[in-house]
1. For residues in the range 235-264 being closer than 16 Å to Asn290 by Cβ and charged (D, E, K, R), which is nearest to the ligand (Cβ to nearest atom)?
2. Can you spot a residue in the range 343-355 that is at pLDDT 95 or above, over 17 Å from the mean Cα position of the chain (by Cα), assigned to a loop (DSSP other than H, G, I, E, B) and more than 16 Å from the ligand (Cβ to nearest atom)?
3. Conditions first: (1) farther than 29 Å from Gly68 by Cα; (2) among the hydrophobic types (A, V, I, L, M, F, W, C); (3) in contact with a helix residue (DSSP H, G or I) (Cβ under 9 Å, 6 or more places away or on another chain); (4) away from the ligand (no atom under 15 Å from the Cβ). Ile272 passes all but one, so which condition is the exception?
4. Enumerate the pairs (first residue in the range 287-301 and closer than 9 Å to Glu49 by Cα; second residue anywhere and acidic (Asp, Glu)) with beta-carbon separation below 8 Å, excluding pairs fewer than 6 apart on the same chain, so at least 6 apart or on different chains.
5. Read through the list (1) hydrophobic (A, V, I, L, M, F, W, C); (2) in a helix (DSSP H, G or I); (3) touching a Lys or Arg at 6+ places or on another chain (Cβ under 8 Å); (4) touching a residue at least 40 places away in the same chain (Cβ under 8 Å), then give the number of the only condition that Met91 fails.
6. Can you confirm whether Cys243 is open to solvent by 30 Å² or more (accessible area, probe 1.4 Å) and of a type in the set (A, V, I, L, M, F, W, C)?
7. Looking at Arg313, Arg317, Arg336 in this structure, which one is of a type in the set (D, E, K, R), closer than 30 Å to Ala253 by Cα, more than 16 Å from the ligand (Cβ to nearest atom) and surrounded by fewer than 24 Cβ atoms within 10 Å (Cβ to Cβ)?
8. Could you tell me how many of the residues in the range 161-175 are out of contact with any Phe, Trp or Tyr (no Cβ under 7 Å at 6 or more places or on another chain), open to solvent by less than 20 Å² (accessible area, probe 1.4 Å) and without any contact (Cβ under 8 Å) to a residue 60 or more places away in the chain?
Amino acid sequence: MKIRSLKLYEVPLPLKEEYSLSGGKLSVTELTSSIVTLETDCGRIGVGEACPWGSTYLPAYSMGIRAGIQELAKSLIDCNPIHIDHINAVMDTSLPGHNYVKSAIDMACWDLLGKVCDLPLYALLGGRFQEKVRLQSSIPCGTPEQMMNAVRTARGQGYQVHSCKVGSGYDEDVARIERIIADAQKDELFTFDVNRSWLPCEAISVMNHICEGNIYFEQPCQSADQCLQVRRATSAPIILDECIQDFQDLFKARAGFAAEAVGIKLARVGGITKARRMRDFCVMAGIAMNIEDTGGTIVSDTAVVHLATATPRDFTRATWNCCQHHSVKTATGGMRFDNGWATLDKSPGEESPGLGLSLDFECLGPAVVSVEQPV
Ligand code: MG
């Protein structure tokens, strides 16, 4: 089997509401998603997606995907797409780094492997550990009252885990956190996600002031070293997210006991293949995970639900679905939202292979990159 053609579609995703993070320093109103199709010489089509959260969240942006895929395409035509470790080696040799560019291609290869094997993706990633995957809400930064009301709305939609964005400094962040926690319900879990915005001194002050059970703080500072400094001076559980870009980052974090949990986002770490390796390491090392992507539509939301479904329940803290933030539907099938949880579409024995999705090409519009095998 060989890759015969590669196509890239770009889809604007206007957000339902402006989204503010890092204490209001960063905000996003529209994302651009990149959807890749790989067609094989036997007529099968695999689908993948990558969508940076704007251009300020990570060293990633949508036009970078277009340029990177144009650069990679010539090396991928004629490769066997279900030899996925080999595909990743080809991509890493042809274009070192640029994880987010590779994630959509890697996802499309997994979709193809599922179609060839006639198995749903989760079965290829370890098998079913969970019937449904817990989702977390994502609460943008705002005033204490705005954020508490947003948590209440999410609670009404069934979410029991809430990721609340903070990061503007001791006084404002303590006010936000205390307002939200005062309104918390039994069995709810809270993450206060700083998105790299605190200095270590601010992080230590806020985290030691709050000191409540079962509250996690995510990516308090810019660098892994700064976060480790905070870890050593506080006792609240820490999730590392943006600073875990590859396996070495994860290994170093474990060696320094820097975090109790990590966020594994497909596009940040280079796709399902590398996320699965990190997932397996986390299970062996006793590290909990949020398994997510950096953004996207039902395609990437479904991919993360497959990976989370195939991960032991005790290790999966929560998963985020970007579809909660926009109304663009690029495909039918895939994951379904079920009162704060995500389920895969069909019952065992009736499942669609691979991701289990059918693309809506009308929504995608014309391809912006199309590379074919020379005849
Ligand atoms: Mg985060």
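1. Per the criteria, the residue is Asp241.
2. Yes, there is a match, as at least one residue in the range 343-355 is at pLDDT 95 or above, over 17 Å from the mean Cα position of the chain (by Cα), assigned to a loop (DSSP other than H, G, I, E, B) and more than 16 Å from the ligand (Cβ to nearest atom).
3. Looking at each condition in turn, Ile272 falls short on (1).
4. Between residues of the range 287-301 that are closer than 9 Å to Glu49 by Cα and residues that are acidic (Asp, Glu), the close pairs are Gly296/Glu49; Thr297/Glu49; Val299/Glu49; Ser300/Glu49; Ser300/Asp293.
5. (4)
6. On the way: open to solvent by 30 Å² or more (accessible area, probe 1.4 Å): no; of a type in the set (A, V, I, L, M, F, W, C): yes.
Here the answer is no, as Cys243 does not meet what is asked.
7. Values: Arg317 fails: more than 16 Å from the ligand (Cβ to nearest atom); Arg336 fails: closer than 30 Å to Ala253 by Cα.
Matching residue, one of Arg313, Arg317, Arg336: Arg313.
8. The total comes to 1.
The values are calculated or read from the model by the stated rules, or taken from the named source; none is laboratory data. Keep in mind that this is a model prediction, so the values were computed, not measured. Every residue, glycine among them, receives a Cβ derived from its backbone with ideal geometry; neighbour counts consider all protein chains shown. Surface accessibility is based on the protein's heavy atoms, side chains included, excluding ligands, DNA and RNA. Shrake-Rupley method; radii C 1.70, N 1.55, O 1.52, S 1.80 Å.
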